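Written out below as structure tokens is the structure these notes cover.
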């Protein structure tokens, strides 16, 4: 039996697909802007390797105090592939509950091993009040038709704006095809190929209805802003530095934006070497995390190729010298932090 809410959702999607009204890619249903710095949150674990929900919520408050525009969890930098369904649901519920009184838009990661699982996460995110959802393609490098069917099912599951996290061989033509077929897809986090070379065509051929975010630690953020990007999704550890740069740029203060971004670059160069442990260690240094523990995947499936695509693959062990340097960088940048 089709529920009343399912019927309403189907009618909504049919009207949107027919062009009766346009979904606003610039804002969530709550009115919160979907634009700016939307860091991928790191996942804190206790000393006994359980999800530390209290610290996860503390990280959201840290982002809020830093004047950052959004908060995304759980994605690659969040080690989503190590989390159980219960952990993902409980973490999302805690974030949405705490976020009701805060400014950042909250985007919940809903990817899963198959469309059925991803749809289940998406419906849960909508039920608890997320501002938007984001999904990586299913693992295992399925064919284009399978990826298309996956995103269509996820996009039709709710009325929430859906970010497609483009990785691997997802071409501009494929993303435009998805945009035309799925009314809720209006935002792309582009980590497939070189986003600077793809952004113009994605915007032009969608009449600027597709809003483009990037990843890769936002290392080319100034160039991206110059080309009209809608935002970037770096890690959360020093997201307030990105937010300072973004806010200056939007206010027309380009010199100040470039100067602010130079402080973020000091960290970007280091975390590209040391990977997720360094992102967590910076949060530990800044008084947000209790430790910088990471969790080993519980399955044999390796996310290494996806981590590499996002600039998150660990290239060197975070040893004592690495920690000493990160501590010095945090001390240097302290006057420029907002939180």
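Were the residues from residue 144 through residue 201 laid out at 0.36 nm apart, the gain over their Cα-Cα distance would be 18.5 nm. Relative to the longest principal axis of the Cα atoms of the chain, the long axis of helix 85-99 lies at roughly 80 degrees. Each stretch of four or more DSSP H residues adds -39500 (n - 2.57); spread over every residue of the chain, this sum gives -15000 deg cm²/dmol at 222 nm.
With the convex hull drawn over the C-alpha atoms of the chain, the volume per residue is 131 Å³. On the principal axes of its alpha carbon atoms, the stretch 42-96 extends 31, 20, 19 Å, with the longest extent given first.
Here the simple spin-label model places points 7 Å from the Cα toward Cβ, and for residue 269 and residue 90 these points are separated by 4.2 nm. Taking 0.36 nm per residue of separation and subtracting the current Cα-Cα distance, fully stretching the chain between residue 331 and residue 54 would add 97.1 nm. Axis of helix 144-157 versus longest Cα principal axis of the chain: the two differ by about 80°, to the nearest ten degrees. Compared with the dominant principal axis of the Cα atoms in the chain, helix 53-65 is inclined by about 90°. With both partners inside the chain, how many of the DSSP beta bridges are antiparallel, as a percent to the nearest 5? Within the chain, antiparallel bridges account for around 5 percent of the total. Note on residue 65 and residue 226: with the Förster distance fixed at 30 Å, the Cβ-Cβ geometry gives a FRET efficiency of about 0.60.
Taking 0.36 nm per residue of sequence separation and removing the Cα-Cα distance, the residue 153/residue 316 pair yields an extension gain of 54.8 nm. Legend: calculated FRET efficiency, residue 47 to residue 171, from the Cβ-Cβ distance at R0 = 56 Å, rounded to 0.05, equals 0.80.
Each reported figure results from applying straightforward, stated rules to the coordinates on display, with no laboratory input. What you see is a predicted model, and the numbers here were worked out from it, not measured in a lab. For neighbour counting, all protein chains shown are included, and Cβ atoms are generated from backbone atoms with ideal geometry for every residue, glycine included.
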